[in-house]
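First up is the structure itself, then whatever we jot down about it.
Quick note: the coordinates plus some simple rules give every number you see, no bench work behind them. Nothing here was measured: the structure is a model prediction, and the numbers come from that model. Because the Cβ atoms are built from the backbone with ideal geometry, glycine has one as well, and the counts that use them run over all protein chains shown.
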Amino acid sequence: MVPLIGREPNRVNLIERGFCFLDPPLAGAECCLAAAAAPISYRPADPLNQTAFQRLYDLDYEGSIQDFEKVEARHPNDPFAINHLLSAVLVRELYRMGAMNTGEYANDSFVGQAHRPADPAQKERIKHLVAEAQRLENAELSHNPNNVDMLYARGVTRGQFALYTALIERAWFSSLRNAVGARRDHERVLELDPKYTDAKLVLGTHNYVMGSLPLAVKVAVALVGLSGDKEKGIQYLSDAYHANGETSVDAGVVSLVFLRREHRYGQALEIARALSPRFPRNYLFPLEEANLLRASGKNSESEEQYRRVWQNGRAGKYGNLHYEIAAIGLGDLLRSEKNYSAAAAAYELVSDVAGADPELLQKANLGAGEMYDQLQKRDLAIKKYEAVVATNGGNAEADKARKRMKEAYRE
């Protein structure tokens, strides 16, 4: 599964780190979509899975983990149950670490450097779940190497371990090995059963990423037998998304990212608008609609959508999730139109949120300060820069604020 939800860390390019995104079905974020109204049939056939995944995609990580734990307890020898629990535990830890990016997930990247260290207990739990799933998968495959369900499940486990080793251990070569293993497993699944559409998430992601690499890097990865095709990748993801299988939600997320990258905004908007009603507590889908409208040049519609997300957040629709990022998106949009007064007002909205994300608050205060400088309201600008440094004096935003305090910002 693909992570969507988190804070706003330093960016890591998706194409450079694309091997990590190979593990259905997680959610981030920094992220998830369903293609059809019909309920998805999750494995094992336990009715609690529906509730667990709804909670996961609505960003209720604690509730989803509790449900997945119950399913796993009832099906202790089913690697699908273990993989689902693993997905939820992993994405919750990534969220806690600040390793996922809500603010920029819809652009070329949505995963970045963690801002807090991983919890040792959670690291051990993740590794234990990976080991247990692989033990069951390999045991079955030792009896029947062509067991498509076990090949698929092992590819999922390997993909999730690739995500873990990349974003928590920061071990890129180990991550690559596991990601390649996931691809090989799912290629074999489709060889044995071409209708096993869930496997197309991994293969579609891999094909797009490999097809997007610079020529020199393509040559290098070709030496280990990897190749890619962007259009094939997008088609595979579309197949997985529309199949309404276990990976349809995640295939929609990845499709959004790639379609946006290819400037195919209309197709991406269709997906975003189809998914928002399915997961009403997940503010990322309507936020992404605003981002896509802005990217496609529909600024007035984008402004309305940013304001709608903000108002829904104020009304409590998103609980304690950090919907205040919509105000920053609104401020950035108005700033691009050189409406500096309105942009400053939008950035100021973040200060009205109780328990606002400190990094988002910093970004908003810095933006407001810069707008006040543009409006030649130097005293107000200085106060905003001071607030940035007071929140956290040791990051890039604080460095910019100190620079602005010495010299007024001008665009």
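Just a few scattered comments:
- Gain on full extension, evaluated as 0.36 nm per residue between GLU270 and ALA139 minus their Cα-Cα distance, stands at 42.9 nm.
- Cross-link table LYS123/LYS384; LYS123/LYS363; LYS298/LYS400; LYS298/LYS383; LYS338/LYS406, entries beyond 27 Å C-alpha to C-alpha: LYS123/LYS384; LYS123/LYS363; LYS298/LYS400; LYS298/LYS383
- Nonlocal amide H pairs with HIS75, under 5 Å, H built at 1.01 Å: none
- Simple spin-label estimate for ARG281 and GLU191 gives 4.3 nm between the two label positions (7 Å along the Cα-to-Cβ direction from each Cα).
- If R0 is 41 Å, the Cβ-Cβ spacing of ALA295 and ARG116 corresponds to a FRET efficiency of close to 0.85.
- Mean Cα-pair separation over length for the stretch 283-411, i.e. relative contact order, pairs under 8 Å, 6 or more apart, %: 16
- Prolate/oblate/rounded call for the stretch 177-301, Cα gyration tensor, a/c under 1.5 rounded: oblate
- Label-to-label distance, nm, for residues given as GLU124 and ALA73 (7 Å Cα→Cβ offset): 2.1
- For the peptides 59-71, 238-250, 287-299, 82-94, the ranking by packing is 82-94, 238-250, 287-299, 59-71, with the highest mean count of neighbouring Cβ atoms within 10 Å listed first.
- Three-way shape label, the stretch 283-411, alpha-carbon gyration tensor, a/c 1.5: oblate
- Ordered by the count of other Cβ atoms within 10 Å of each Cβ, fewest first, LEU333, LEU237, LEU48 give LEU48, LEU333, LEU237.
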